[in-house]
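Quick notes on the structure that follows.
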Amino acid sequence: MKTLTLFLIIIIPFFCLSQCLSGNCKDGFGKYDYGYATYQGLFKNEKPNGLGTMDYGAGEKFVGNFTNGQEDGEGQLFKKNVPTN
């Protein structure tokens, strides 16, 4: 029972904070707030897919290609707004 309660405390706020902010977040170009980061770019099957930017805040972001919701292939990682290798 404790495990279920802990699971619900962690998972429910995550889903409540996640939302499409603009555009087509299913199959097209849109902006989506995941709660821990904001993604702007192409979507396919409701997941980041193609070129986009995942902004984690505090100057940390990934600009590049996404496949099935994951950072994939070519891209640039920024830390404190400075590109890294």
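The values are calculated or read from the model by the stated rules, or taken from the named source; none is laboratory data. As the structure is a computational prediction, the values presented were derived from the model and not from experiment. Because the Cβ atoms are built from the backbone with ideal geometry, glycine has one as well, and the counts that use them run over all protein chains shown. Heads up: the accessible areas ignore ligands, DNA and RNA and are worked out on the full protein's heavy atoms, side chains in. Shrake-Rupley method; radii C 1.70, N 1.55, O 1.52, S 1.80 Å.
Residue 46 versus (1) closer than 22 Å to residue 84 by Cα; (2) touching a Lys or Arg at 6+ places or on another chain (Cβ under 6 Å): which is the lone unmet condition?
(1)
Determine which member of the set 59, 35 is touching a helix residue (DSSP H, G or I) at 6+ places or on another chain (Cβ under 9 Å) and either among the charged types (D, E, K, R) or in contact (Cβ under 8 Å) with a residue 12 or more places away in the chain (or both). Working first, answer last.
Details: 59 fails: touching a helix residue (DSSP H, G or I) at 6+ places or on another chain (Cβ under 9 Å).
35 is the lone residue from the list that is touching a helix residue (DSSP H, G or I) at 6+ places or on another chain (Cβ under 9 Å) and either among the charged types (D, E, K, R) or in contact (Cβ under 8 Å) with a residue 12 or more places away in the chain (or both).
Kindly provide the set of residues from segment 37-53 that are under 16 Å from residue 19 (Cβ atoms), of a type in the set (Ser, Thr, Tyr) and open to solvent by 20 Å² or more (accessible area, probe 1.4 Å), ordered by number.
Of everything in segment 37-53, just one residue is under 16 Å from residue 19 (Cβ atoms), of a type in the set (Ser, Thr, Tyr) and open to solvent by 20 Å² or more (accessible area, probe 1.4 Å), namely 38.
Could you figure out which of (1) under 11 Å from the mean Cα position of the chain (by Cα); (2) open to solvent by less than 40 Å² (accessible area, probe 1.4 Å) isn't true of residue 56?
Unmet condition: (2).
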